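Visitor: Pasting a structure below so you can have a look.
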Amino acid sequence: MNFKDQPIISMRNFSREMIDHILTAAEKMEPIARGEERSDLLSGKILAVLFFEPSTRTRMSFETAMLRLGGDVLNLGSVDASSIAKGETLADTIRVVDGYVDAIVLRHPKEGAAHLASEFSRVPVLNAGDGAGHHPTQTLLDLYTIKRESHLEDLKIALAGDLKYGRTVHSLCYALSLYGAQITLISPKELRMPEEIINDIIARGAKIKEVDTIEEAIRDVDVLYMTRIQKERFPDPAEYRKVANRLKITAETLKEAKKELKIMHPLPRVNEIDNKVDDTPHACYFKQAFYGVPVRMALLGLVLGAIE
Amino acid sequence: MNFKDQPIISMRNFSREMIDHILTAAEKMEPIARGEERSDLLSGKILAVLFFEPSTRTRMSFETAMLRLGGDVLNLGSVDASSIAKGETLADTIRVVDGYVDAIVLRHPKEGAAHLASEFSRVPVLNAGDGAGHHPTQTLLDLYTIKRESHLEDLKIALAGDLKYGRTVHSLCYALSLYGAQITLISPKELRMPEEIINDIIARGAKIKEVDTIEEAIRDVDVLYMTRIQKERFPDPAEYRKVANRLKITAETLKEAKKELKIMHPLPRVNEIDNKVDDTPHACYFKQAFYGVPVRMALLGLVLGAIE
Amino acid sequence: MNFKDQPIISMRNFSREMIDHILTAAEKMEPIARGEERSDLLSGKILAVLFFEPSTRTRMSFETAMLRLGGDVLNLGSVDASSIAKGETLADTIRVVDGYVDAIVLRHPKEGAAHLASEFSRVPVLNAGDGAGHHPTQTLLDLYTIKRESHLEDLKIALAGDLKYGRTVHSLCYALSLYGAQITLISPKELRMPEEIINDIIARGAKIKEVDTIEEAIRDVDVLYMTRIQKERFPDPAEYRKVANRLKITAETLKEAKKELKIMHPLPRVNEIDNKVDDTPHACYFKQAFYGVPVRMALLGLVLGAIE
């Protein structure tokens, strides 16, 4: 398996073997990510961080990954402070920046931007989210979290919240289908997962169940994956509040849960998870944010050819 | 004395011994701060710089301190480009970021923010100013400047400007009281130092005198500490101009001064100090800005356990 | 020739010997700029990047240059997030920042800003563009590109676009006059190069010709240097479109060109050069952007005294 010089654009064509390869590499990175061990693996390498829309968590986690491996970071900065304001195309920006650096991580509001960038770039491009498109490193860190804190084999997972527009959960479901997961979907009817995605996932090997409330699913699952519901999805604020209130998790909700249940959330949360949950052994979302570091270290090491 | 893993939130509970310990450590850092010596003391360590309001000088000086010791810096960037715009709490931001880094320096508009952050963070938090609250590294660099350019023992110091709202001068007076300083306060009556602070400082060992003009104090003092008066404090612009004009220092004002008088200012200045003063041996404010570097190097070295 | 501690403000007083010295140094930097060789030449040194107006390309290329040589970068950040918003003068900013770093690169909207900064700074200042003033590193990278991709001796070059306000082309012409270049100027009559500059350049040794269209010049020249025409220069949008359309280069235009013709552009381009030209061997503008890195590495190495 050779990731050297390969762009990381989408999870769709990743095989289970490829995913397992990355997760194993990430595991070896963990002591370095924790600052317990030092590394100069990417010393002398520069990563360009091109974020055409803000995403603090993803950006900081990529930068940390690069720094922990001894590499350097070159930041595009805020977009209106850049040539883009002068009307430059993404293709031109990429063909300039690829002369400065060894790899590019790109966040862009437009679907397909990362793929386009990778066509023009002489250095590997890592997609850090392209609008309604893909966000493969989020999916990989979700998988890594499940592997480390629960288990990918025979997994029972529930996903709650906005399953219609939530790029994160779609991508995660596709990946989990490779492991034959039992997936329970919990969402208000306005935000159900699209039928064609459900069918796809089933065809790939997952078992799918749909329920209306967290309570119906909580006893059974190993992992509960919460997501934010965006107010803007609802024309009526009262309707939003009703839905948001129903898909909220509190210490009370957890009484029926398995002892080993892990709660995940891509963050930032608004009020989907009550603060009181933070101190329970179920809370796993801050660890999940941290796991973004070893996963991104592994990807950077792989595409830059520093590890195999 | 052990600062390892300790947050640096406020000067209030710092003993004279603790201050002396930090200042001595800063002195050893000076050749590295000047770029005359190299250091890898914090190599492999990452400092997160979370500035929720701008403060170029403080931020750049912290970043320099980290870089001069071989460490790396991870910047939150501008706040509206961050998750905070999505409504994330400070506690959540801290619990994510502390997974990426070895220490956090925080600037925040709300009093108490640094203390709150330190309660949630697994890594040491350094307060770089929290609204009307504290700004301990400014006080430490002020003390260091006095030690290096004048003397902390038997000090006669005058503080001029806004002594009512000026967090910087309050904190400095508290610290100087530990050294039994003779402090002369010079301010318009609208901006006098609050009575309870004066009483506190006297109780702790300082001698306090209040006068109306710089001229009344200038002959006697070793250090004159100038501060900015903010226009917004005055309902009447004419009143502001009168006051600002009176508490301004020129080459003329300095004729009566001791030869050894040092003039300090936390910067940026507006017009409290005439440019002509810059070329006199009294001017000490640019050195003072530089001294922020060795002081912050010492603090970073101490809380990260790289020095004792 | 000694560049150590010298500011780099303007090309006007650079002799041919000085330019050749820098270009030779840049050539030695190229393998490091490409990431093929490692260097610690500026390890332990810090470069302050003070950009008072945005310029992504120039800033990123300077930062890359510093990082590729093992140095560190300290960024002022966006200007409204800085003390400047509090009314600080440039002289004060410089006298603070020069205490933090080993060199300063400055971009400023006001002509003369870089010279002023260099008067106050204790560390060398590199001008990265000061309004209508100078931008010496752009000129040096243009010269380097010509040297590497074509030849500086017996050069036939055409410059097309806005030759009236275009600081870049004025500065390049001054420098090329030292090499006795034959320069063809192509511009709409509203944007002709000022008479006094033409006279100056001729006096310094260049041969000048003016024509109306690219077609009249294309057969003869070794290098065609395109520039952007700014809409704002024209009161009438229709007039702008007419002019912009005429000074546009397409694959068609190139049919008559020499096989060795190289096309340069300081970028970003808007539509002066058709995308189809990118794939021809004439296209040289992305290489030109890359060449900014070795040239800036050479300058940083020289002014910091790391190379001679």
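Visitor: Being modelled with pLDDT under 95, of a type in the set (Ser, Thr, Tyr) and within 15 Å of A:ILE197 (Cβ to Cβ): is that true of A:THR168 here? Reasoning before the result, please.
Guide: Working: modelled with pLDDT under 95: yes; of a type in the set (Ser, Thr, Tyr): yes; within 15 Å of A:ILE197 (Cβ to Cβ): yes.
So A:THR168 fits the description; yes.
Visitor: Starting from residues that are basic (Lys, Arg) and under 22 Å from B:ARG95 (Cβ atoms), keep the ones in region A:242-285 and report whichever is modelled with the highest pLDDT. Break it down into steps so the answer makes sense when it comes.
Guide: As a first pass, look at region A:242-285 and keep what is basic (Lys, Arg): A:242, A:246, A:248, A:255, A:258-259, A:262, A:269, A:276.
Pick out the ones that are also under 22 Å from B:ARG95 (Cβ atoms) and you get A:248, A:262, A:269, A:276.
Working: A:LYS248: 91, A:LYS262: 98, A:ARG269: 91, A:LYS276: 95.
Per the criteria, the residue is A:LYS262.
Visitor: Which condition from (1) touching a His at 6+ places or on another chain (Cβ under 6 Å); (2) within 25 Å of C:LEU106 (Cα to Cα); (3) of a type in the set (A, V, I, L, M) is the one that C:LEU300 breaks?
Guide: Just one mismatch for C:LEU300, condition (1).
Visitor: Could you list, in sequence order, the residues of region A:92-109 that are at the interface with chain C (Cβ under 7 Å from one of its Cβ atoms) and out of contact with any Ser or Thr (no Cβ under 9 Å at 6 or more places or on another chain)?
Guide: Matches in region A:92-109: A:ASP102 only.
Visitor: Within the set of pairs 6+ apart or on separate chains, which have a first residue in region B:57-68 that is in contact (Cβ under 8 Å) with a residue 60 or more places away in the chain and more than 7 Å from every other protein chain (Cβ to nearest Cβ), a second that is of a type in the set (A, V, I, L, M) and assigned to a helix (DSSP H, G or I), and C-beta atoms under 7 Å apart?
Guide: Sorted first by the residue in region B:57-68, then by its partner, the pairs are B:ALA65/B:VAL293; B:ALA65/B:MET297; B:ALA65/B:LEU300; B:MET66/B:LEU300; B:ARG68/B:ILE32; B:ARG68/B:ALA33; B:ARG68/B:VAL293; B:ARG68/B:MET297.
Visitor: Quick one: is C:THR137 touching a Phe, Trp or Tyr at 6+ places or on another chain (Cβ under 6 Å), closer than 19 Å to C:TYR291 by Cα, more than 14 Å from chain B (Cβ to nearest Cβ) and touching a residue at least 40 places away in the same chain (Cβ under 8 Å)? I'd like the intermediate steps shown before the answer.
Guide: Working: touching a Phe, Trp or Tyr at 6+ places or on another chain (Cβ under 6 Å): no; closer than 19 Å to C:TYR291 by Cα: yes; more than 14 Å from chain B (Cβ to nearest Cβ): yes; touching a residue at least 40 places away in the same chain (Cβ under 8 Å): yes.
No, not satisfied.
Visitor: Now a separate question. Within region C:6-26, work out how many residues are closer than 20 Å to C:LEU67 by Cβ and surrounded by fewer than 17 Cβ atoms within 10 Å (Cβ to Cβ).
Guide: So the count comes out to 0.
Visitor: Scan region A:11-50 for residues that are touching a strand residue (DSSP E or B) at 6+ places or on another chain (Cβ under 7 Å) and either closer than 26 Å to A:CYS173 by Cβ or among the β-branched types (Val, Ile, Thr) (or both) and jot them down.
Guide: Result: A:ILE46, A:VAL49.
Visitor: While we're looking at this one, here's another question. I'm trying to understand the selection: among the residues of region B:258-292, which are surrounded by fewer than 20 Cβ atoms within 10 Å (Cβ to Cβ), in contact (Cβ under 8 Å) with a residue 60 or more places away in the chain and within 21 Å of C:SER121 (Cβ to Cβ)?
Guide: Matches in region B:258-292: B:LYS287 only.
Visitor: Could you tell me whether any residue of region B:110-118 is within 14 Å of another protein chain (Cβ to nearest Cβ) and basic (Lys, Arg)? Talk me through it step by step, then tell me what you get.
Guide: Residues of region B:110-118 within 14 Å of another protein chain (Cβ to nearest Cβ): B:116.
Subsequent filtering for residues that are basic (Lys, Arg) retains none.
So far as region B:110-118 goes, no, none of its residues is within 14 Å of another protein chain (Cβ to nearest Cβ) and basic (Lys, Arg).
Visitor: Related question: So B:GLY35 clears everything in (1) touching an Asp or Glu at 6+ places or on another chain (Cβ under 6 Å); (2) in a loop (DSSP other than H, G, I, E, B); (3) within 13 Å of chain A (Cβ to nearest Cβ) except one condition, right? Which one?
Guide: Among (1) touching an Asp or Glu at 6+ places or on another chain (Cβ under 6 Å); (2) in a loop (DSSP other than H, G, I, E, B); (3) within 13 Å of chain A (Cβ to nearest Cβ), B:GLY35 violates only (3).
Visitor: Only residues that are farther than 14 Å from A:PHE62 by Cβ and in a strand (DSSP E or B): list them for region A:83-135, please.
Guide: Just the residues of region A:83-135 that are farther than 14 Å from A:PHE62 by Cβ, to begin with: A:83-100, A:108-113, A:115-123, A:130-134.
Result: A:HIS108, A:ASP130.
Visitor: Here is a list of conditions, (1) loosely packed, with under 14 Cβ neighbours inside 10 Å; (2) within 20 Å of the chain's Cα centre (by Cα); (3) under 21 Å from A:ILE146 (Cα atoms), and A:GLY205 meets all of them except one; can you say which number that is?
Guide: (2)
Visitor: Select from region A:208-234 the residues that are of a type in the set (Lys, Arg) and surrounded by 14 or more Cβ atoms within 10 Å (Cβ to Cβ) and list them in ascending order.
Guide: Keep residues of region A:208-234 that are of a type in the set (Lys, Arg), which gives A:209, A:219, A:228, A:231, A:233.
Correct list: A:LYS209, A:ARG228, A:ARG233.
Visitor: Of the residues that make up region C:228-241, is at least one in contact with a Gly (Cβ under 9 Å, 6 or more places away or on another chain), among the polar types (S, T, N, Q) and under 18 Å from A:GLU88 (Cα atoms)? Full working, then the answer.
Guide: Here is the first cut: in region C:228-241, the ones in contact with a Gly (Cβ under 9 Å, 6 or more places away or on another chain) are C:228-229.
Among the residues that remain, those that are also among the polar types (S, T, N, Q) are: none.
The answer is no, given that none of the residues of region C:228-241 is in contact with a Gly (Cβ under 9 Å, 6 or more places away or on another chain), among the polar types (S, T, N, Q) and under 18 Å from A:GLU88 (Cα atoms).
Visitor: Also, quick follow-up: Cβ-Cβ distance below 9 Å, separation of 6 or more or different chains: which pairs start in region B:220-231 with a residue that is under 18 Å from B:CYS284 (Cα atoms) and end on one that is of a type in the set (Phe, Trp, Tyr) and not in a loop (DSSP other than H, G, I, E, B)?
Guide: B:MET226/B:TYR285
Visitor: A:ASP72 fails exactly one of the following numbered conditions: (1) at pLDDT 95 or above; (2) over 15 Å from C:LEU267 (Cα atoms); (3) more than 9 Å from chain C (Cβ to nearest Cβ). What is the number of that condition?
Guide: Status for A:ASP72: all satisfied but (3).
Visitor: Quickly run through region C:274-288 and pick out the residues that are out of contact with any helix residue (DSSP H, G or I) (no Cβ under 7 Å at 6 or more places or on another chain) and under 20 Å from C:LYS156 (Cα atoms).
Guide: Correct list: C:PRO281, C:TYR285.
Visitor: Continuing with this model, one more query. Restricting attention to region B:247-257, and to residues there that are crowded, with 16+ Cβ neighbours inside 10 Å and within 13 Å of B:GLU216 (Cβ to Cβ), which single residue is nearest to the chain's Cα centre (by Cα)? It would help to see each step written out before you state the result.
Guide: First pass over region B:247-257, keeping only residues crowded, with 16+ Cβ neighbours inside 10 Å: B:247-249, B:253-254, B:257.
Okay, now just the ones that are also within 13 Å of B:GLU216 (Cβ to Cβ), so B:247, B:253, B:257.
Working: B:LEU247: 21, B:THR253: 25, B:ALA257: 25 Å.
Looking at residues that are crowded, with 16+ Cβ neighbours inside 10 Å and within 13 Å of B:GLU216 (Cβ to Cβ), I get B:LEU247.
Visitor: Give C:LEU140, C:LEU159, C:LEU152 a once-over and let me know the one that is crowded, with 24+ Cβ neighbours inside 10 Å and not in a helix (DSSP H, G or I). Steps first, answer last, please.
Guide: Numbers: C:LEU140 fails: not in a helix (DSSP H, G or I); C:LEU152 fails: crowded, with 24+ Cβ neighbours inside 10 Å.
The match here is C:LEU159.
Visitor: Just wondering, is there one or more residues in region C:65-78 that are within 27 Å of C:TYR174 (Cα to Cα) and in contact with a helix residue (DSSP H, G or I) (Cβ under 9 Å, 6 or more places away or on another chain)? Break it down stepwise before answering.
Guide: Keep residues of region C:65-78 that are within 27 Å of C:TYR174 (Cα to Cα), which gives C:65.
Checking the rest, the ones that are also in contact with a helix residue (DSSP H, G or I) (Cβ under 9 Å, 6 or more places away or on another chain) come to C:65.
Looking through region C:65-78, at least one residue is within 27 Å of C:TYR174 (Cα to Cα) and in contact with a helix residue (DSSP H, G or I) (Cβ under 9 Å, 6 or more places away or on another chain).
Visitor: Which members of region C:152-169 meet the condition of being farther than 22 Å from C:GLU215 by Cα and under 13 Å from the mean Cα position of the chain (by Cα)?
Guide: Step one: filter region C:152-169 for residues farther than 22 Å from C:GLU215 by Cα, giving C:152-153, C:165, C:167-168.
Selection gives C:ARG167, C:THR168.
Visitor: Only one of C:ALA91, C:ALA114, C:ALA128, C:ALA160 is closer than 30 Å to C:PRO281 by Cα and not assigned by the TED database to the domain that holds C:LYS248. Can you tell me which?
Guide: Of the residues listed, the single one that is closer than 30 Å to C:PRO281 by Cα and not assigned by the TED database to the domain that holds C:LYS248 is C:ALA128.
The values are calculated or read from the model by the stated rules, or taken from the named source; none is laboratory data. Not measured: the values here are computed from a predicted model. Using ideal geometry, Cβ is built from the backbone for each residue, glycine included, and neighbour counts are taken over all protein chains shown.
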